[in-house]
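Take this structure first; my questions come after.
The values are calculated or read from the model by the stated rules, or taken from the named source; none is laboratory data. Computed from a prediction, not measured in an experiment: that's the story for all the values here. Using ideal geometry, Cβ is built from the backbone for each residue, glycine included, and neighbour counts are taken over all protein chains shown. For the accessible areas, the whole protein counts, side chains as well, though only heavy atoms, and no ligand, DNA or RNA atoms are used. Shrake-Rupley method; radii C 1.70, N 1.55, O 1.52, S 1.80 Å.
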Amino acid sequence: FDEVSRDTSQSMYAAVVNSNIQPIIAAFDINAYTKDSSGYVIEMTNYLNSDNDVLNFAPNQKSSFQIGGMQPDKSYIQNVRSFPMNVEIKTVKTYSRGGGCSPFGGAIPGLGGASAGALYTMEINSSMVMLPSKPMQVRYADNRIGYFTRRYTDFDANPQGVKQAEVIVRWRLEPKDADMEKYKRGELVEPKKQIVYFIDPATPKKWVPYLIQGVNDWQVAFEKAGFKNAIVAKVAPTYKEDSTWSIEDARYSAIVYKPSDIENASGPNVNDPRTGEILESHINWYHNVMQLLRNWYFVQAAAIDPRARTLHFSDSLMGQLIRFVSSHEVGHTLGLQHNFGSSSTVPVENLRNKAWVEANGHTPSIMDYARFNYVAQPEDHITAKGIYPRIGDYDKWAIEWGYKLLPEAKNAEAEVPILSKIATERLVNRRLFFGSGQDDPHSQSEDLGDNAMKASAYGIKNLKRILPNLLAWTYVANEDYTNLNNMYIQIAGQFGRYMGHVSKNIGGIYETDKTVDQKGHVYDFVPKATQQEAMKFLNDQLFVTPKWMLDQKIAELTGTNLMSLLSIRQDAVMNTLTSNNVFSRLLRAEAALGSKAYTVSDLTNDLKKSVWSELYTRKPIDMYRRNLQKSFVDKFAAILNPPVGAIGNPLLFVLNFGPAFDAKRSDIISIAKGTLRSLKSDINAALPGVSDRTTRFHLEDVVDRINQALKIDSK
């Protein structure tokens, strides 16, 4: 499946076959034949009971979870069940703990099972699924539309080399034979086979309607691809209604309820490695995802939605949040990746425009990690329609591109120019932008709008509204202050996200995937003015101590260390701003743009003025600022003297757009030294005028640290 030549008439096919061999996993004696020798019987009991890599854990998984050897006397086959297109093998396996003391006190996270002493026991289900007898026609991937893909080496595509082919993962949707002409005329038709998700019978009944709606919400997207009723959710039949139905039958996809404390949900799929055809999906809905949703909605929406001002949401509110998660995970099972860039196409002020945001949603894609509309302010009177994510313009476009049939194309290769032309024409609409979320400031997790500084400022205004009410809104009679502590940490975490969104603009590079026949750049440096705006924001909101966030009353009730609460957020941003990655991008921008670029010198100068402003105003330096200033010096010292034990050369790394970059041969070391020397000079100039004793001790200590970093004998 990984190295392919399809034309059996050509010599290349024979060469590829001769050069590859399928691995032999196990060999079995034939125990019996059918009368005509067309069928065989082998004995697999010992193999199923053994510790093998196919039906149990791979070696890397054993190492990761610190699993040792299997205990045969404590392991057994529970059952083997056969269905029309799959066989399910369920075993109970017991393992010793391996690799010393395990970090897990009980069950292995994400795997379940039970732990006792030096042993792990868990139930393992292994599936063998039969592939379609007639492979589906592939659809070649386009980086401008975010699908999961199947990659392989194609020896036929390039007569003078090889090509790494990439096909998208998708369901097989085809019109009924009698409806093909209607489909060609643009009429909506029902597919031969619907995409059906059954709701796990173990699911709490009150959440079932919301899960169903989350699936059915995708119908409008498939209508863009020419299909009506293409996707639907159903309640699983009872044994009385259908005694043959089983959630383990690979003919049935399902949303599976997991009574787990994991705060998550996931949307995997099983697909044909030859074509990417999705055969089946079991969406995992962990019970405790509701706590995650509660936390998100509380810190992002409590300022504008009174329903969120409690730890126990109404069933109707939680149901709508579950519907959102259901839709998002279903999107993954349809083949769609996260689109982190979608929300960046929305002007920030539109998120406060009641009519606009309620009509269009706060992001064009439910596959974004946009969460909820934290930009909207109470005076905007935005309703739930403008707060929750929904199926948006990008989602409809992506399904149309991936699932719409092209009868005029004879094969997958003939589809490529047609689909590429359609994409080029349609992507003039910025709302259809796909961002993969690598290093582009436009493609970030949990951000909103086209300007991180404006969006984050609005978000902070709402956090300032929530924090004074936190004690009342987290009150639960007869309980301690654990809830208050948890939500206080959530607010600090949300604040930290805003700082991360802004800091990513420093040294940022926008990326817009394009084909060679499209105009414009693929990569663009973030404008100088935008980076200056980001630096000013970080100074005003983070480096100038955000005292609003340091609630002494809450700290007295929860034991929160306010210094750590703030320093964690400040250090995270300082690490980013003084990283080799940011410096190298700024140097690259300077080489390309000259005086139009925001340079490393600009950054270090702005950062020094921001963090060390007291040197120029001769004001005493408080404890929070002293900690920040020490962090500043430590970061620059680490550039000159990387920590002992660092893996490899920390000054030598590979950027995603070019070869290895050696910081020692760039201006980074020079600027780091120059920054520390300049700071030392400023401190020495300020010291005679410093009357505050602690401030003086702090500054003298900093001078010693700078001397040590520069390897200067302070004596």
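Can you confirm whether segment 30-41 contains a residue that is under 30 Å from Asn158 (Cα atoms) and in a loop (DSSP other than H, G, I, E, B)?
Our first condition is that a residue be under 30 Å from Asn158 (Cα atoms); within segment 30-41, this holds for none.
The answer is no, given that none of the residues of segment 30-41 is under 30 Å from Asn158 (Cα atoms) and in a loop (DSSP other than H, G, I, E, B).
Then there's this: When the residues of segment 458-471 are narrowed to those that are touching a residue at least 24 places away in the same chain (Cβ under 8 Å) and open to solvent by 10 Å² or more (accessible area, probe 1.4 Å), which ends up nearest to Gly435 (Cα to Cα)?
Just the residues of segment 458-471 that are touching a residue at least 24 places away in the same chain (Cβ under 8 Å), to begin with: 458-467, 469-471.
Then drop every residue that is not open to solvent by 10 Å² or more (accessible area, probe 1.4 Å), which leaves 458, 461, 464-465, 469, 471.
Values: Tyr458: 24, Lys461: 28, Lys464: 31, Arg465: 32, Asn469: 37, Leu471: 39 Å.
Among those residues, the one meeting the criterion is Tyr458.
Moving on to the next point. Please find, within segment 485-533, the residue that is most open to solvent (accessible area, probe 1.4 Å) out of those that are within 17 Å of Leu593 (Cβ to Cβ) and of a type in the set (A, V, I, L, M).
Looking at the filtered set, the residue picked out is Ala529.
Among the residues of segment 433-457, how many are hydroxyl-bearing (Ser, Thr, Tyr) and surrounded by fewer than 21 Cβ atoms within 10 Å (Cβ to Cβ)? Break it down stepwise before answering.
Step one: filter segment 433-457 for residues hydroxyl-bearing (Ser, Thr, Tyr), giving 436, 443, 445, 456.
Adding the requirement that they be surrounded by fewer than 21 Cβ atoms within 10 Å (Cβ to Cβ) leaves 436, 445.
Total satisfying the criteria: 2.
In segment 412-427, what count of residues is obtained for those that are open to solvent by less than 80 Å² (accessible area, probe 1.4 Å) and assigned to a helix (DSSP H, G or I)?
10
Moving on to the next point. Is at least one residue of segment 331-352 in contact with a helix residue (DSSP H, G or I) (Cβ under 6 Å, 6 or more places away or on another chain) and of a type in the set (D, E, K, R)?
The answer is yes; a qualifying residue exists.
Matching residues to (1) surrounded by fewer than 24 Cβ atoms within 10 Å (Cβ to Cβ); (2) modelled with pLDDT of 95 or more; (3) assigned to a loop (DSSP other than H, G, I, E, B):
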{"site": "His328", "(1), (2), (3)": "yes, yes, no"}
{"site": "Phe340", "(1), (2), (3)": "no, yes, yes"}
{"site": "Met367", "(1), (2), (3)": "no, yes, yes"}
{"site": "Asn373", "(1), (2), (3)": "no, yes, yes"}
{"site": "Glu379", "(1), (2), (3)": "yes, yes, no"}
{"site": "Ile391", "(1), (2), (3)": "yes, yes, yes"}
{"site": "Ile399", "(1), (2), (3)": "no, yes, no"}
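Filter segment 690-700 for residues that are open to solvent by less than 50 Å² (accessible area, probe 1.4 Å) and either more than 11 Å from Ile621 (Cβ to Cβ) or at pLDDT below 95 (or both) and give the result. Before you say what the answer is, go through the steps one by one.
First, pick out the residues of segment 690-700 that are open to solvent by less than 50 Å² (accessible area, probe 1.4 Å): 690, 695, 698-699.
Matches in segment 690-700: Val690 only.
Out of everything in segment 1-34 that is small (Gly, Ala, Ser), out of contact with any strand residue (DSSP E or B) (no Cβ under 9 Å at 6 or more places or on another chain) and more than 27 Å from Val167 (Cα to Cα), what residue ends up being modelled with the lowest pLDDT?
Kept after step one, since they are small (Gly, Ala, Ser), are these residues of segment 1-34: 5, 9, 11, 14-15, 19, 26-27, 32.
Within this subset, residues satisfying the condition of being out of contact with any strand residue (DSSP E or B) (no Cβ under 9 Å at 6 or more places or on another chain) are 9, 11, 14-15, 26-27.
Then drop every residue that is not more than 27 Å from Val167 (Cα to Cα), which leaves 26-27.
Working: Ala26: 89, Ala27: 92.
Among those that are small (Gly, Ala, Ser), out of contact with any strand residue (DSSP E or B) (no Cβ under 9 Å at 6 or more places or on another chain) and more than 27 Å from Val167 (Cα to Cα), it is Ala26.
Just one of the numbered conditions (1) surrounded by 19 or more Cβ atoms within 10 Å (Cβ to Cβ); (2) part of a loop (DSSP other than H, G, I, E, B) is not true of Ile322; which one?
(2)
Out of all the residues in segment 162-178, which are over 29 Å from the mean Cα position of the chain (by Cα) and open to solvent by 30 Å² or more (accessible area, probe 1.4 Å)? Spell out how you get there, then give the answer.
Of all residues in segment 162-178, those over 29 Å from the mean Cα position of the chain (by Cα) come to 162, 174-178.
Passing the criteria: Val162, Glu174, Lys176, Asp177, Ala178.
Within segment 641-672, take every residue that is surrounded by 16 or more Cβ atoms within 10 Å (Cβ to Cβ) and assigned to a helix (DSSP H, G or I) and give me the one that is modelled with the lowest pLDDT. Steps first, please.
Step one: filter segment 641-672 for residues surrounded by 16 or more Cβ atoms within 10 Å (Cβ to Cβ), giving 651, 661, 663, 666-668, 671-672.
After this cut, where a residue has to be assigned to a helix (DSSP H, G or I) as well, the list is 663, 668, 671-672.
Details: Ala663: 63, Ile668: 90, Ile671: 93, Ala672: 93.
Ranking the candidates gives Ala663 first.
Among the residues of segment 511-535, write down those that are free of Cβ contacts under 8 Å to residues at least 60 places away in the same chain and basic (Lys, Arg).
Passing the criteria: only Lys519.
Of these, Val348, Val357, which one is closer than 25 Å to Leu427 by Cβ, surrounded by fewer than 20 Cβ atoms within 10 Å (Cβ to Cβ) and in contact with a Gly (Cβ under 8 Å, 6 or more places away or on another chain)? Walk me through how you get there before you give the answer.
Working: Val357 fails: surrounded by fewer than 20 Cβ atoms within 10 Å (Cβ to Cβ).
Exactly one residue qualifies, and that residue is Val348.
Tell me, which residue of segment 63-95 that is open to solvent by 30 Å² or more (accessible area, probe 1.4 Å) and of a type in the set (S, T, N, Q) is nearest to Leu119 (Cα to Cα)?
Gln71
Right, here's the next one. Could you check Ala457 against (1) of a type in the set (Gly, Ala, Ser); (2) touching a Phe, Trp or Tyr at 6+ places or on another chain (Cβ under 6 Å); (3) part of a helix (DSSP H, G or I) and say which number it fails?
Only one criterion in (1) of a type in the set (Gly, Ala, Ser); (2) touching a Phe, Trp or Tyr at 6+ places or on another chain (Cβ under 6 Å); (3) part of a helix (DSSP H, G or I) is unmet by Ala457, namely (2).
Which residue pairs have Cβ atoms closer than 8 Å, lie 6 or more positions apart in sequence or on different chains, and pair a first residue in segment 70-83 that is over 11 Å from Asn49 (Cα atoms) with a second residue that is open to solvent by 50 Å² or more (accessible area, probe 1.4 Å) and outside any helix (DSSP H, G or I)?
Phe83/Arg251
Step by step: first the residues of segment 675-689, then only those that are within 44 Å of the chain's Cα centre (by Cα) and without any contact (Cβ under 8 Å) to a residue 40 or more places away in the chain, then the one that is surrounded by the fewest Cβ atoms within 10 Å (Cβ to Cβ). Which residue is that?
The first filter runs over segment 675-689 and keeps only residues within 44 Å of the chain's Cα centre (by Cα), leaving 675-680, 682-683.
Subsequent filtering for residues that are without any contact (Cβ under 8 Å) to a residue 40 or more places away in the chain retains 677, 680.
Working: Arg677: 13, Lys680: 19.
Among those residues, the one meeting the criterion is Arg677.
Still on this structure, I have one more. Based on this model, can you work out whether Ser63 counts as out of contact with any Leu (no Cβ under 6 Å at 6 or more places or on another chain), farther than 17 Å from Ser126 by Cβ and assigned to a helix (DSSP H, G or I)? Give the steps one after another, and end with the answer.
Values: out of contact with any Leu (no Cβ under 6 Å at 6 or more places or on another chain): yes; farther than 17 Å from Ser126 by Cβ: yes; assigned to a helix (DSSP H, G or I): yes.
So Ser63 fits the description; yes.
Residue pairs, Cβ under 6 Å, 6 or more apart or interchain, first in segment 381-408 and free of Cβ contacts under 8 Å to residues at least 60 places away in the same chain, second part of a helix (DSSP H, G or I) and polar (S, T, N, Q). List them.
Tyr394/Ser342
If you don't mind, another one. What number of residues within segment 284-319 satisfy the criterion of being touching an Asp or Glu at 6+ places or on another chain (Cβ under 7 Å) and assigned to a loop (DSSP other than H, G, I, E, B)?
The total comes to 1.
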